[in-house]
Amino acid sequence: MEKSKKGEDKNMGKVAIYPGSFDPITYGHIDIVERALEIFDKVIVAIAVNEEKRPLFSVEERLQMVKAFFKDTPKVIVDSFKGLLVDYVAKTNAIVILRGLRATSDFEYEFHMASMNRSLDTHLDTLFMMTSKDYFFVSSRTIKEVARLGGGVEGLVPDLVVRRLKEKFKLPVTKRKQIRWDD
Ligand code: PNS
């Protein structure tokens with residue numbers, strides 16, 4: 001591959017890698033990718049294969065949902081990786097890791113991860129983007145919890161993800177019963 005300067009090659013331009021579990025992808029993630037495309041020529045959405053985290057969706061299911069969403073966006077490449085992120089990044093032409101920050105509570109975890117990655121590969125920087133105000137309360141974990149308990153997650157994740165969540169948590173359709181304290 002012909003490289004010109006750091007993070008650029010003649011065929012792909014500036015490339016950022018956006019790693020995560022994406023279990024499942026949310027509009028918070030999508031917002032980060034879309035804003036990153038204003039800065040980078042390509043964004044690689046890299047789905048981590050991490051069975052220890054006991055994901056709800058298999059890596060194939062996560063790949064399918066993310067690929068379906070970005071099918072008309074050629075500037076987004078969707079892939080999965082096993083093992084260390086720095087090893088995966090080294091096989092691509094990206095040198096910048098992209099991560100979203102929702103709140104200060106994310107900072108400690110992200111700071112540790114970015115520092116560890118930089119210690120493993122001193123040339124590798126992590127770039128943080130603040131999540132848009134509309135999505136700062138959205139996380140894959142809360143989406144799964146709300147969906148499992150029968151709550152609506154429409155507008156927070158793509159429609160396909162809403163359908164996949166409903167399929168996963170085959171919840172019986174029960175009529176809501178009003179609680180009457182005077183019974
Ligand atoms: O969406 P997540 O679960 O916060 O993403 C975390 C992820 C997948 C980016 C992180 O766990 C990761 O990079 N895993 C690959 C293994 C690795 O490289 N670990 C060392 C970095 S501390």
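The values are calculated or read from the model by the stated rules, or taken from the named source; none is laboratory data. Values in this document were obtained by computation on a predicted structure and should not be read as measured data. Using ideal geometry, Cβ is built from the backbone for each residue, glycine included, and neighbour counts are taken over all protein chains shown.
A compact table of results
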| quantity | calculated |
| --- | --- |
| Residues within the range 77-126 that are surrounded by fewer than 16 Cβ atoms within 10 Å (Cβ to Cβ) and within 8 Å of the ligand (Cβ to nearest atom), tallied | 8 |
| The range 35-62, residues that are away from the ligand (no atom under 14 Å from the Cβ), without any contact (Cβ under 8 Å) to a residue 24 or more places away in the chain and either part of a loop (DSSP other than H, G, I, E, B) or surrounded by 15 or more Cβ atoms within 10 Å (Cβ to Cβ) (or both) | Glu38, Ser58 |
| Some residue of the range 91-99 being within 13 Å of the chain's Cα centre (by Cα) and among the hydrophobic types (A, V, I, L, M, F, W, C) | yes |
| Breaking point among (1) exposed (fewer than 14 other Cβ atoms within 10 Å of the Cβ); (2) at pLDDT 95 or above; (3) more than 10 Å from the ligand (Cβ to nearest atom); (4) over 28 Å from Val15 (Cβ atoms), for Pro172 | (2) |
| Selection within the range 24-34 - free of Cβ contacts under 8 Å to residues at least 60 places away in the same chain and either under 9 Å from the mean Cα position of the chain (by Cα) or buried (at least 21 other Cβ atoms within 10 Å of the Cβ) (or both) | Val33 |
| Residues of the range 127-151 classified as away from the ligand (no atom under 13 Å from the Cβ), of a type in the set (Gly, Ala, Ser) and crowded, with 18+ Cβ neighbours inside 10 Å, total | 1 |
| Qualifying residue in the range 96-112 (condition: of a type in the set (Lys, Arg) and touching a Lys or Arg at 6+ places or on another chain (Cβ under 8 Å)) | no |
| Residue list for the range 91-122, restricted to those being among the small types (Gly, Ala, Ser) and out of contact with any Asp or Glu (no Cβ under 9 Å at 6 or more places or on another chain) | Ala94, Ala103, Ser105, Ser115, Ser119 |
